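Everything on this sheet refers to the single structure shown next.
The values are calculated or read from the model by the stated rules, or taken from the named source; none is laboratory data. This is a predicted model, so every value here is computed, not measured. FYI the Cβ positions are ideal-geometry reconstructions off the backbone, even for glycines, and counts take in every protein chain you see. Ligands, DNA and RNA are excluded from the accessible area calculation, which covers all protein heavy atoms including side chains. Shrake-Rupley method; radii C 1.70, N 1.55, O 1.52, S 1.80 Å.
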Amino acid sequence: RTEFTLKEIMSSGGAEDDIPQAERKTVTDFCYLLDKSKQLFNGLRDLPQYGQKQWQSYFGRTFDVYTKLWKFQQQHRQVLDNRYGLKRWQIGEIASKIGQLYYHYYLRTSETSYLNEAFSFYSAIRQRSYYSQVNKEDRPELVVKKLRYYARFIVVCLLLNKMDVVKDLVKELSDEIEDYTHRFNTEDQVEWNLVLQEVAAFIEADPVMVLNDDNTIVITSNRLSETGAPLLEQGMIVGQLALADALIIGNCNNQVKFSELTIDMFRMLQALEREPMNLASQMNKPGMQESTEKPARRENPHKYLLYKPTFSQLYTFLAASFKELPANSVLLIYLSATGVFPSGRSDSEGPYDFGGVLTNSNRDIINGDAIHKRNQSYKEMHCLHPGDLYPFTRKPLFIIVDSSNSVAYKNFTNLFGQPLVCLLSPTAYPKALQDQSQRGSLFTLFLNNPLMAFLFVSGLSSMRRGLWEKCQDYLRKINRDIAQLLTHSRSIDQSFLQFFGDEFLRLLLTRFIFCSATMRMHKIFRETRNYPESYPQLPRDETVENPHLQKHILELASILDVRNVFLENTLDDY
């Protein structure tokens, strides 16, 4: 039992009457704030996970109470120590809850600055050793609180790319788990060891290391920076649509994951965020900016992160996003999922005849990529078919499918004349690369960190920082040229240009073309299924097979001394 009644607290400190009235009131007020904060925090679980507005006032009230509680225990620490018996781990619990609040605020707003706030509270717990005395108490549930704190802190550090801190935390967590299982002989030992294995695999998912001169690893960030997306230049006629909402869905069998993020989801969410700015590290209530203060730059698009959703969950979130999408805005759907193939031969070629990607079924145990059904005449039920997305094409829709059956989405039809683009991954990779799929998809890596993906397909596993930065500069030049090619194309579908005005979508489109061009020139990518595709189709000679772009890719390969990996004869006519 962690809390005592007020009477028990007071009587334990000597005769109740000896306690000054002011101190009695201090303890009473603290108990009230503590209870109130717990009620509000527990109530967060009952808020709807979708819909962007219903939760804000409740979050605001919860922040208010935690702000008061945090300041109250700072101002009255002496009295609370003497009269309440306030322990350091209890202060740690309050700080941990505030860290969780900031993290959940980030999840609901996609504003990366709140991750910094979560990080500062989690860091304070560690620096001030709030949980250090827990191991001396014979109470396993307190140690579990400490272990959960570590797991949450690791998630925040991963999202902020603080890999050096992650490595320290993993080592500390490993020691804590060993001590916990040794002392209490509990049944959850296997689960905690699995947490350690997952985070270790997550850290090692990147296929290429960038090294400083002293061989320490350079931490690279793949969020949108000021110089990230190619700028729109004079004469580029593009649409004014803005990416407002994104669904990031991960349902791959056997892919590295931590918490409820697969490595593909992790990479894609970073591609849809700007570099975080530090908020003033005081406990300001999020979202309570003065209306006169205009943000200096546009906010990140709002995101829903769905790990292994069922069809009904996916459709509910999709409908909520669709309903709340503002005017002149785009909804992005990213699907990283196992392919579901049609089980029977169909005479028709409709939007439910090509299969799609896997949605989670709570009952069926499904193994492998190809999923077959008993009755050949019915369609696959636990599957998101292209036709399932048709109702949502009433608004601008940007779809990315990374799957072994991505081509099912090539058979789309634009029914309503709204901007609609699907970027589709290769359905298979050359044998030499296949064993990497557990560490994340190559296609998504190209969309998140194109240089790392280029190095990987070129057979490189490490690189010096100076050369990395030189290549990044050259890649920015390539992106600028791709933007020129795309906007000056005579035959490109207008949907691409409609989306090209948004920074995030512009970067994804230029990276997609770079990815496609690289794979088409690579010596081991020789089958059609090794190449990305799109709906509508891009004019190849003006984009992915443009000789000017091919020349740039060979130049990048020359800088890296890997020109032999690529075909030269594509340039015979240049």
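Under a 5 Å amide H cut-off, with hydrogens placed 1.01 Å from N, residue 501 pairs with 239, 241 among residues at least 5 apart or on other chains.
Rounded to whole Å, the principal axis extents of the Cα atoms in segment 203-274 read 44, 38, 16, largest first. A cut-off of 5 Å between modelled amide H atoms, ignoring neighbours fewer than 5 places along the same chain, links residue 246 with 302, 303, 304, 332. Amide H contacts for residue 400 (H built 1.01 Å from N in the peptide plane; partners 5 or more residues away or on another chain; cut-off under 5 Å): 333, 334, 335, 423. The Cα-based radius of gyration and maximum Cα-Cα distance (Dmax) for the chain are 26.6, 98 Å. Each peptide in 456-467, 106-117 gets a packing score, the mean of other Cβ atoms within 10 Å over its residues, and the list from highest to lowest is 106-117, 456-467. Return one number: the angle in degrees, 0 to 90 and rounded to the nearest 10, between the long axis of the Cα atoms of helix 547-559 and the longest principal axis of the Cα atoms of the chain. Its long axis makes an angle of about 60 degrees. Rounded to the nearest Hz, the phi-derived 3J(HN,Hα) couplings of segment 520-526 under the Karplus curve 6.51 cos²θ - 1.76 cosθ + 1.60 (θ = phi - 60°) are 5, 8, 6, 5, 8, 8, 10, where x marks glycine and proline.
Summary of packing: across the peptides 210-223, 145-158, 20-33, the per-residue average of other C-beta atoms within 10 Å ranks them, highest first, as 145-158, 20-33, 210-223. The Cα trace of segment 97-161 gives Rg and Dmax of 12.7, 40 Å, the first to one decimal, the second as a whole number.
Applying a threshold of 27 Å to the alpha-carbon distances of 470/523; 68/171; 167/257; 136/257 flags 68/171; 136/257 as lying beyond it. Computed over the chain, relative contact order equals 14 percent, with contacts defined as Cα pairs under 8 Å that lie 6+ residues apart. Provide the per-residue ³J(HN,Hα) series for segment 302-310, in order, calculated from phi with Karplus coefficients 6.51, -1.76, 1.60 and θ = phi - 60°, each as a whole number of Hz, with x at glycine and proline positions. Per-residue couplings from phi come out as 6, 10, 10, 9, 10, 9, 6, x, 6 Hz.
Over the chain, accessible surface divided per residue gives 47 Å², non-protein components excluded, 1.4 Å probe.
Estimated from helices alone, the mean residue ellipticity of the chain at 222 nm is -14000 deg cm²/dmol (sum of -39500 (n - 2.57) over DSSP H runs with n ≥ 4, per residue). Across the protein chains, with a 1.4 Å probe defining accessible surface, the residues 44, 159 rank 44, 159 from largest area downward.
With an a/c value of 1.5 or above and a/b not larger than b/c for the gyration tensor axes a ≥ b ≥ c computed over the alpha-carbon atoms, segment 1-209 is described as oblate. Surface composition of the chain: carbon and sulfur atoms hold 48% of the protein heavy-atom accessible area at a 1.4 Å probe.
Computed from phi, the 3J(HN,Hα) profile of segment 251-261 under the Karplus parametrisation 6.51, -1.76, 1.60 (θ = phi - 60°) reads 8, 9, 6, 6, 9, 3, 8, 8, 6, 10, 10 Hz, with x in place of Gly and Pro.
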